[in-house]
1. Short version: ³J(HN,Hα) in whole Hz for each residue of segment 48-60, in order, from phi by Karplus 6.51 cos²θ - 1.76 cosθ + 1.60 (θ = phi - 60°), x for Gly and Pro, what are they?
2. Identify which of 35, 58, 20 has the largest mean-square fluctuation in a Gaussian network model of the chain, with springs joining Cα atoms closer than 10 Å.
3. In a shell of Cβ-Cβ distance under 13 Å around residue 14, excluding residue 14 itself, what net charge do Lys and Arg (+1) and Asp and Glu (-1) give?
4. What is the ratio of the Cα radius of gyration of segment 1-61 to 2.2 N^0.38 Å, where N is its residue count, to two decimals?
Amino acid sequence: MELVRNSTNSYEIRYPDGSKRIFDLPGESIGNLRKIYMTAMVDPAGNAVTIQYEIPGKITTITDAIGQQT
């Protein structure tokens, strides 16, 4: 497992099988501590599930690789 910083508010956790978790929605911060919320999960084949938020921390929909929402 590898943590990669893409920019100030964008990170990825990359797994040996090629899958990854993407965190790029900034939330609240206190001093030097800040929350970055997960916005997508990608499987080894490149299929992504995206997470949409109303406000950081409150999920409104999850969309799978073929566009189905829950």
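Just so it is clear, none of the values below were taken in a lab; they were calculated from the coordinates. Please read all numbers here as calculations on a predicted model, not as lab measurements. Reconstructed Cβ throughout: ideal geometry from the backbone, glycine too, with neighbour counts over all protein chains shown.
1. Listing the rounded values in order: 10, 10, 10, 10, 10, 10, 6, 9, x, x, 10, 6, 9 Hz.
2. 58
3. -1
4. Expressed relative to 2.2 N^0.38 Å, the Cα Rg reads 1.17.
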